[in-house]
Amino acid sequence: MSRKTMLRLGGALISVLTVGGVVVMLLPYFWMVSSSIKTGIEVFDLPIKWIPDEIQWVNYPNALTKGAFGVYFFNSFVVAFAVMAGNLVFCTLAGYGLAKFRFPHRELCFRLILSTLMLPLEIVLVPTFLVVRELGLVNTYGGLIAPLAVDAFGVFLMRQSIRDIPDSLIEAARMDGCSEFGIFWRIILPNCKPALGALALLAFRDNWDQFLWPFIVATTDDLKTFPLGLAQMEGIDSAAYHEIMALAVLGMIPAAFIFLFFQRAFVRGITLTGLKE
Amino acid sequence: MGEVLLEDLTKDFGEVIAVKEVNLTIHDGEFVVLLGPSGCGKTTTLRMIAGLEEITSGRILLDERVLNDVHPRDRDIAMVFQNYALYPHMSVYKNMAFGLKMRKVAKDEIDRKVKSAAGILGIETLLGRYPGKLSGGQRQRVTLGRAIVRDPRVFLFDEPLSNLDAKLRVQTRVELLKLHQHLAATSIYVTHDQVEAMTMGDRIVVMHEGVIQQVGPPMEVYQNPANQFVAGFIGSPAMNFLSATVRFEAGRTFLEGAGFRIPLPTERAGGLAGREGDEIVFGIRPEDMRLGAEGEIEGAVEIIEPVGSDIFLDLSVGGASLTARVESSVRMSQGERVRLHADPARVHAFDPETGVTLV
Ligand SMILES: Nc1ncnc2c1ncn2[C@@H]1O[C@H](COP(=O)(O)OP(=O)(O)O)[C@@H](O)[C@H]1O
Ligand SMILES: [Mg+2]
């Protein structure tokens, strides 16, 4: 076999493997969508019938009547957006400080922040809850949002990104008469757009379907987020998998939409800045 | 106006003393070059003048006003950074306008100033572009433009040509000088390139390990270096240094070493009085020697380097190496023994311990 044919075969093999991987990844989603338009009995039919004979669009309106899903959706949006906004503000400010200001024990501060990444949520859950309770924030939006509004990974991301901005830009701006906050606003922020996009994306995705924390801190129906609503469905009607899947499909839409939207902003951010040559 | 005064200016970074007790007056409208090898404290000095680096001790004055505690934006000083430091997310126009906008200058005045500066620099057509889309030379101009529009009392340049290729560097050097003549503003220019320093400076300040070695007009520094460091740093190829012994014979002074014996004119030998028999360092520039059968220096040709206009000969003189510049018409072969005559008016001698110039 010539080198060329081998290379071509290798390329084909990689393509096949990639396509295979994609299919395996997508199958559960197909199953979810497909189940959401079946009857409750068809869901468990074997072999799996991917497209049901009769499409059950009614699952969607039916499912939505099983709880205050309008409220849950709204709550999820409020929490996800507020957490995202909090992360954009606080992670960027913290990242700027850690990247560009000289102060005693700066590296230690940074490492301490990073080390919290190694603590799983379960470990901090109880102490966080105690703090939130002391602050009187149980069953409030504040309680849902505040503990998540700044995230160690976000600080890390922004710090790395801001570190890549040359000091001389900051100094040039300082000599140009820009105030310290002006430097942050007019020089730093515009030059870390891609990272800001990524941070927004990650914050929204992680918090749109956040389950554990809302489950602990929000017990009244008017504060429940969408995943809590979904979870309580099982308690109400554990056989209604077709309807649960219909809700799951609905729950995926905003995250998918935001993902697409920010991905474009992302690329635009990188090309506009001209930083990456 | 724009007279800068540095008084006992010192900066230490913990262990490292980057700048040590620098005293210097830079006159209004003067173009002064800080010259020295990498790490000698040039940038640190410039940054202290700009206000970007805190001063450990000493004072900086601009037109008799002490700047030590004045914020960079209030110093009326503009800086051209080594890596240009253009704002990547702003167009050329906005880059140039930024300093004026921050100072709340009226929009139409900003427009007038930016366009006039762009006219001087020949970058009118680039105003709408982003820095990422410009060549090195164009970025260089924009950086200059950003400084010019502010019409500062003092311009600071930190190795502004170091990122350009050789040809563009020569061209930009000339343009910078023209610009300086046009603006007539005080300029402090940092470089490690002695050719840049020689061609551009009204005066050169040679620095070494944070200490000023010599201050003076380029030719004076070149011809009368204050010490061996300055003598060796300025000039290319560098001055030759050979160890020698001082001899007094029949009322005349000689510098004697393996392969040479140089007579010194009496009027130049004063610095060697009482040093009979002492070891010193004899220094001579490559161009201050000529071939001649009567020459006092004898050596064997090791390498012949024709550079077009001249030929550089690398010789072995008593085991030490010596470079001489000869006319390009000279025919020479490797291994040949030659004699060179040193121009007595251009012979130097240095103290081997302190490096101080004796002759
Ligand atoms: N921020 C700093 N922290 C510690 N040392 C520094 C810092 N900046 C410069 N130095 C040291 O100070 C000395 C002078 O540096 P610099 O002024 O940049 O030299 P030059 O511009 O002549 O090459 C060097 O030894 C350098 O390592
Ligand atoms: Mg430097």
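The values are calculated or read from the model by the stated rules, or taken from the named source; none is laboratory data. Being a predicted model, the structure only gives us computed values, none of them experimental. Positions of Cβ are backbone-derived with ideal geometry, glycine not excepted, and every protein chain shown enters the neighbour counts.
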Quiz item: Got a sec? Which of A:LEU189, A:LEU202, A:LEU196, A:LEU157 is within 14 Å of another protein chain (Cβ to nearest Cβ), within 15 Å of the chain's Cα centre (by Cα), in contact (Cβ under 8 Å) with a residue 24 or more places away in the chain and not in a loop (DSSP other than H, G, I, E, B)?
Solution: A:LEU196
Quiz item: With respect to B:ARG331, is the statement that it is in a loop (DSSP other than H, G, I, E, B) and over 28 Å from the mean Cα position of the chain (by Cα) true?
Solution: yes
Self-check item: Which numbered condition B:GLY335 misses (of (1) surrounded by fewer than 14 Cβ atoms within 10 Å (Cβ to Cβ); (2) modelled with pLDDT of 95 or more)
Solution: (2)
Practice problem: Return the total of residues in the range B:3-53 being surrounded by fewer than 21 Cβ atoms within 10 Å (Cβ to Cβ), in contact (Cβ under 8 Å) with a residue 24 or more places away in the chain, in a loop (DSSP other than H, G, I, E, B) and away from ligand 2 (no atom under 16 Å from the Cβ). | Solution: 5
Quiz item: If a residue has to be in a helix (DSSP H, G or I) and within 20 Å of the chain's Cα centre (by Cα) to count, how many in the range A:125-152 make the cut?
Solution: 10
Quiz prompt | Selected residue (criterion: nearest to the other protein chains (Cβ to nearest Cβ)) from residues of the range B:120-134 that are in contact with a helix residue (DSSP H, G or I) (Cβ under 8 Å, 6 or more places away or on another chain) and over 17 Å from B:ALA97 (Cβ atoms) | solution = B:GLY132
